[in-house]
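Engineer: Questions regarding the structure given below will be posed in turn.
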Amino acid sequence: MPSCLNEQLNLVLTNHLANNLDLPRLTILGIGNELNGDDAAGVLIVRNLTKKLPKFDKIQCIEGSIAPENYSSVIRKFNPDWIWLIDAAVFGENPGCVQLFDSSRIKTNAADTHRLSPDLLISFLQLDTNAKAFLIGIQPEVVDPFSEISPAVKKSIQETTKFLLRWLQNTYNI
């Protein structure tokens, strides 16, 4: 999981730096319902990152929970170059698998677990901010109401948090 995600993020970063002089301003938006098992993955990853990342003016972490669209004005004021949505997404892999989807791949490759789909949210945020948006999707196993997080997704939350923390620290020298 981390090596594939590492390659994807590094490629996107290389493309960004080919056209920009500075590292991207980044909003990380965790999405999900903590009462619905694996659907909590995005919120929990962002919560863990917020606890472990030092304050840094180029990175904004938001627990968007079940209404991430409510944070659009906060995101707009931050003026990000990139927006990472982290969420449970159904894309036909084993539970806990993590993939990076750019906005063109979200509609066709990742179904969501919410009323407002990630592709609509990303379209709205991109129009609102001019940022490039990505979905870091975690394949869920269980999203039933009042269910526990599955062992595979619990492990993925820990590994993905560690990986993203390391990637952010190394990339932004924080």
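The values are calculated or read from the model by the stated rules, or taken from the named source; none is laboratory data. Since the structure is predicted, the reported quantities are computational estimates derived from the model, not experimental observations. A quick note on method: Cβ atoms are made from the backbone with ideal geometry, for glycine too, and the neighbour counts reach across all protein chains shown.
Engineer: Please tell me if GLU159 is more than 16 Å from GLY92 (Cα to Cα), acidic (Asp, Glu) and either in contact with a helix residue (DSSP H, G or I) (Cβ under 8 Å, 6 or more places away or on another chain) or assigned to a helix (DSSP H, G or I) (or both). Can you show your working first?
Structural biologist: Details: more than 16 Å from GLY92 (Cα to Cα): yes; acidic (Asp, Glu): yes; either in contact with a helix residue (DSSP H, G or I) (Cβ under 8 Å, 6 or more places away or on another chain) or assigned to a helix (DSSP H, G or I) (or both): yes.
Yes.
Engineer: Output the number of the condition that GLY92 fails; it satisfies all remaining conditions of (1) at pLDDT 95 or above; (2) exposed (fewer than 14 other Cβ atoms within 10 Å of the Cβ); (3) within 18 Å of LEU5 (Cβ to Cβ).
Structural biologist: (1)
Engineer: Just the residues that are more than 16 Å from GLN60 (Cβ to Cβ) and assigned to a strand (DSSP E or B), please, taken from segment 125-155.
Structural biologist: Once the filter is applied, which keeps residues that are more than 16 Å from GLN60 (Cβ to Cβ) and assigned to a strand (DSSP E or B), segment 125-155 yields LEU135, GLY137, ILE138, SER147.
Engineer: Give the number of residues within segment 108-159 that are β-branched (Val, Ile, Thr), at pLDDT below 80 and either touching an Asp or Glu at 6+ places or on another chain (Cβ under 6 Å) or closer than 14 Å to ASN33 by Cα (or both).
Structural biologist: Step one: of segment 108-159, the residues β-branched (Val, Ile, Thr) are 108, 113, 122, 129, 136, 138, 142-143, 149, 153, 157.
Subsequent filtering for residues that are at pLDDT below 80 retains 108, 113, 122.
Now narrow it down to the ones that are either touching an Asp or Glu at 6+ places or on another chain (Cβ under 6 Å) or closer than 14 Å to ASN33 by Cα (or both): 113.
The number of residues fulfilling the criteria is 1.
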